[in-house]
Amino acid sequence: MSVLAYTLAVFILLTAVATALFRDVLSVIIVFGAYSLGMAILYTFLLAPDVAMTEAAIGAGVTTLLLLLTIARTTRPSTDKLRERIHLPAVAVVGALVLLLCVAVVPEMYPVGITETPVWSNPDVTQHYIQETYAQTGVENAVTSVLAAYRGFDTFGEAVVVFAAGVSTLLVLKREVFA
């Protein structure tokens, strides 16, 4: 992995911890929005643009907007403390788990874009999708056929989430238009 990927991973971990520790609701929402944006950038780096766009739109965009609008429409309690007290045994357990995952999982991951991964090195799998896509789906573009036919339920689920977020935003803003 590159320096950018490690930097993004550290940024994501720091914003996740900050989200858990802050007591001020506005601070939590802002840090959570930054966390979602970091995840979207990481998904883009990992060559998953569909997931990145959904994370950016829903996580960093709509969710942050809805939470900020909720605070604006309700009273915001004043807090004496800026952040929660740290529970050291929980930090030790989570830290040990993260360390274990970093030691056991990260070295086993393939670099992004390498052609020696099991999917690319198995010509039966890749050639099946390249050669049989049109015959099985009737769609000429292989990427579109995978998203629409082979991963249809997943793509439909993402579309439902984006639609629900849009409707929720309209309802919160009280600008719904039902013709």
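The values are calculated or read from the model by the stated rules, or taken from the named source; none is laboratory data. In this text the structure is predicted, and so the values were computed from the model without any measurement. When we count neighbours, we look across all protein chains shown, and the Cβ atoms used for this are built from the backbone with ideal geometry, even at glycine. Keep in mind that these areas ignore ligands, DNA and RNA; they rest on the heavy atoms of the full protein, side chains included. Shrake-Rupley method; radii C 1.70, N 1.55, O 1.52, S 1.80 Å.
Some notes on this structure:
- Selection count, segment 16-36, where residues are over 22 Å from VAL98 (Cβ atoms), among the β-branched types (Val, Ile, Thr) and modelled with pLDDT of 85 or more: 2
- One residue alone among ALA165, ALA148 is within 28 Å of ALA18 (Cβ to Cβ), outside any loop (DSSP other than H, G, I, E, B), in contact with a Ser or Thr (Cβ under 9 Å, 6 or more places away or on another chain) and at pLDDT below 80, and that residue is ALA165.
- Among the residues listed as THR70, THR15, the single one being surrounded by fewer than 17 Cβ atoms within 10 Å (Cβ to Cβ) and within 26 Å of GLU158 (Cα to Cα): THR70
- Taken over segment 37-64, the criterion of being modelled with pLDDT under 85, assigned to a helix (DSSP H, G or I) and open to solvent by 70 Å² or more (accessible area, probe 1.4 Å) is satisfied by PRO49 alone.
- Test: residue in segment 3-23 that is assigned to a loop (DSSP other than H, G, I, E, B), farther than 16 Å from VAL112 by Cβ, in contact with a Lys or Arg (Cβ under 8 Å, 6 or more places away or on another chain) and not aliphatic (A, V, I, L, M): yes
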